[in-house]
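The values are calculated or read from the model by the stated rules, or taken from the named source; none is laboratory data. Note that the structure is predicted; figures quoted are calculated from it, not measured. Backbone-built Cβ (ideal geometry, glycine too); neighbour counts: all protein chains shown. Ligands, DNA and RNA are stripped out before the accessible areas are found, and what is left, the full protein with its side chains, is counted by its heavy atoms. Shrake-Rupley method; radii C 1.70, N 1.55, O 1.52, S 1.80 Å.
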Amino acid sequence: MPESNIRVQHVRERDFVISIRALDEPQIEAAKVHYAHHTINAILIALNAGTIGSFSWYNDPWVHPVLTIADDLEGTNSRGSALIVESDTTYEELKPLAEQDIYNAVLIFGIVTREDSNVLTGEYCRGLLLLRMNFYELNFRREAFLCFYRALEHFVTARILGVKKLRNELRDLQRGLAVMGASQEVQDDLREVYAIRSSQVAHSQIGQREITLDEVLKTKVFLDFIMHKTFKKEADRIMQERRNA
């Protein structure tokens with residue numbers, strides 16, 4: 001729509017361009033960039049939760065060793081060189097976006113922009129970044145896993161169960177899923193995520209192993225599921241109240 005301050009353009013198979021215009025048209029360019037940054041973050045979260053899919057920024061986060069190369073040990077002809085590897089989070093199978101997916105994402109976007117706690121949005125965005133980040137041979141999937149898990153735990157605790165602290169983490173997280181309509185099978189699947197958190201992420205007394213991409217994404221799916229259910233229900237309620245008014 002011409003009056004919209006958000007425009008989606010150049011849609012391709014794996015990417016698209018989002019253009020943002022500040023609502024109050026600030027004169028300082030840095031303020032416009034700041035506004036666009038937070039708006040795009042909210043759009044990304046809404047797309048992920050709305051579709052229970054996987055979306056991230058186009059450019060991989062750059063965290064890489066920068067070395068100085070010289071022709072000899074005395075430093076003759078010194079020049080910088082960075083060791084850069086591409087993220088291996090490219091998905092071979094793509095699921096087409098349906099109209100309902102876009103509708104859900106738009107509804108959820110309106111709720112995410114009203115989110116007054118940066119715990120959820122901060123952990124979510126940090127998880128997306130760390131999932132694609134590499135420091136040459138090192139990946140940050142363990143850290144990404146923890147970000148999505150912390151966001152999941154926070155959401156269930158504060159938004160679904162309405163308590164300050166979980167008494168029995170696994171049982172209470174499963175109860176939160178049940179409240180949102182998850183099947184017993186889905187609730188049981190959470191045990192695997194909790195076991196990874198307890199043995200491979202939160203403690204170092206036992207031998208550590210690499211956290212796989214699938215394990216991180218599984219945790220993210222649990223988070224997306226409860227965000228989707230909660231935010232969409234909230235958005236539907238707000239829209240119904242507006243119709244009634």
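Tabulated data for the structure shown
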{"read-out": "Residue count for segment 181-191, restricted to those that are crowded, with 18+ Cβ neighbours inside 10 Å and outside any helix (DSSP H, G or I)", "value": "1"}
{"read-out": "Identity of the residue in segment 147-157, over 14 Å from the mean Cα position of the chain (by Cα) and free of Cβ contacts under 8 Å to residues at least 40 places away in the same chain, that ends up least open to solvent (accessible area, probe 1.4 Å)", "value": "T157"}
{"read-out": "Hits in segment 195-214 - residues which are at pLDDT 85 or above, surrounded by fewer than 18 Cβ atoms within 10 Å (Cβ to Cβ) and either in contact with a Ser or Thr (Cβ under 9 Å, 6 or more places away or on another chain) or in a helix (DSSP H, G or I) (or both)", "value": "A195, L213, D214"}
{"read-out": "Selection from segment 44-54 of residues that are under 15 Å from L129 (Cα atoms) and either out of contact with any helix residue (DSSP H, G or I) (no Cβ under 8 Å at 6 or more places or on another chain) or at pLDDT below 95 (or both)", "value": "S54"}
{"read-out": "Segment 219-242 - residue that is open to solvent by 60 Å² or more (accessible area, probe 1.4 Å) and under 22 Å from F148 (Cα atoms) and, of those, modelled with the lowest pLDDT", "value": "K233"}
{"read-out": "E3 vs. criteria open to solvent by 60 Å² or more (accessible area, probe 1.4 Å), on the phi < 0 side of the Ramachandran plot and touching a residue at least 40 places away in the same chain (Cβ under 8 Å)", "value": "no"}
{"read-out": "Matching residues in segment 31-89 - criterion: being in contact with a Lys or Arg (Cβ under 6 Å, 6 or more places away or on another chain) and among the β-branched types (V, I, T)", "value": "I69, T89"}
